[in-house]
Amino acid sequence: MNKQTSNPIAQKSKKWFIDALLKLMKKQPYKEITVKQLSKEAGLDRSTFYRNFDSKEDILLLHLRDISEEYIDKLRPIYQLDMEKQASIFFEFFNENRSLISLLHQNDLSILLLDVHAASAAPSAG
């Protein structure tokens, strides 16, 4: 699980791990990427990885939640969203993220997209 913090250094470290994982996934299968490789690519210690994440999957989920929030933010300011505008935003969003979606698909991780969507669509408790 992604360990929540508002510490700017931790936020930057998380971003570096995201970038490192996506870069490594372009070169080799996700399953073969080790925390050691990931830490080296990010320029950070393994202890920093474990301070922020429990697994590589947590990195992907954090990134997918972030881009999902971006998508929702694009929809939110439009008061009356007609189908044409909705479709335009949808296709623009997926076009902007097609390389990530392709990487997920190539590594049999497409289910993560549904996990993130289901979590964001679920009603919040409280």
Suppose we keep only residues that are buried (at least 18 other Cβ atoms within 10 Å of the Cβ) and among the polar types (S, T, N, Q) within region 40-67. Which one would you say is nearest to residue 11 (Cα to Cα)?
52
Just to be sure, is residue 54 assigned to a loop (DSSP other than H, G, I, E, B) and among the acidic types (Asp, Glu)?
yes
Taking only pairs six or more apart or across chains, which ones have beta-carbon atoms under 6 Å, a first residue in region 88-107 that is in contact (Cβ under 8 Å) with a residue 60 or more places away in the chain, and a second residue that is surrounded by 12 or more Cβ atoms within 10 Å (Cβ to Cβ)?
103/25; 107/30
Only one of these is of a type in the set (A, V, I, L, M) and either touching a strand residue (DSSP E or B) at 6+ places or on another chain (Cβ under 6 Å) or modelled with pLDDT of 95 or more (or both): 22, 112. Name it.
22
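Are any residues in region 1-37 among the hydrophobic types (A, V, I, L, M, F, W, C), surrounded by 13 or more Cβ atoms within 10 Å (Cβ to Cβ) and either touching a residue at least 24 places away in the same chain (Cβ under 8 Å) or farther than 21 Å from residue 97 by Cβ (or both), and if so, which ones? It would help to see each step written out before you state the result.
Pass one, region 1-37, residues among the hydrophobic types (A, V, I, L, M, F, W, C): 1, 9-10, 16-18, 20-22, 24-25, 33, 35.
When the remaining residues are screened for being surrounded by 13 or more Cβ atoms within 10 Å (Cβ to Cβ), the result is 10, 16-18, 20-22, 24-25, 33, 35.
Across region 1-37, the qualifying residues are 10, 16, 17, 18, 21, 22, 25, 35.
The values are calculated or read from the model by the stated rules, or taken from the named source; none is laboratory data. On a predicted model such as this, the values are computed, not experimentally measured, just so you know. Note: ideal-geometry Cβ built from the backbone for every residue, glycine included; neighbour counts use all protein chains shown.
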